[in-house]
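Please read the structure below before turning to the comments.
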Amino acid sequence: MVGYAGSKDDYLKRLRRIEGQVRGIQRMVEEDTYCIDVLTQVSAVTKALQNVSLGLLEDHVGHCVVDAARESDEAANAKVREASDAIARLVRS
């Protein structure tokens, strides 16, 4: 079972909303909307995706890492490394 199973519907709802925002940005570009207005919407989508990422990361730590820690030190270390790598990717993006 994945760590976000309890929040799956919420994540899907957020992602569908973000998908709609991206389609809106596409329309803005097609309609030659002022660049700053497009950038404002890109910033909003970026922030929304960051919030989804942080929620998924929190769910991963709260579920997958905690379960691995109960299993063994080796499993815990592997999940912590996995989470650290994911955090590093998020920080770079």
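Here, each number is a calculation from the coordinates, and none is a lab measurement. Quick caveat, the model's predicted, so the values are computed rather than measured. Methodologically, a virtual Cβ is constructed for each residue, glycine included, from the backbone with ideal geometry; neighbour enumeration extends over all protein chains shown.
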*Considering Ser93, Ser53, which residue is over 22 Å from Ser7 (Cα atoms) and either of a type outside the set (Val, Ile, Thr) or touching a residue at least 40 places away in the same chain (Cβ under 8 Å) (or both)?*
Ser93
*Qualifying residues in the range 7-28 (those that are over 15 Å from the mean Cα position of the chain (by Cα) and loosely packed, with under 12 Cβ neighbours inside 10 Å) - the one farthest from Leu57 (Cα to Cα)*: Arg27
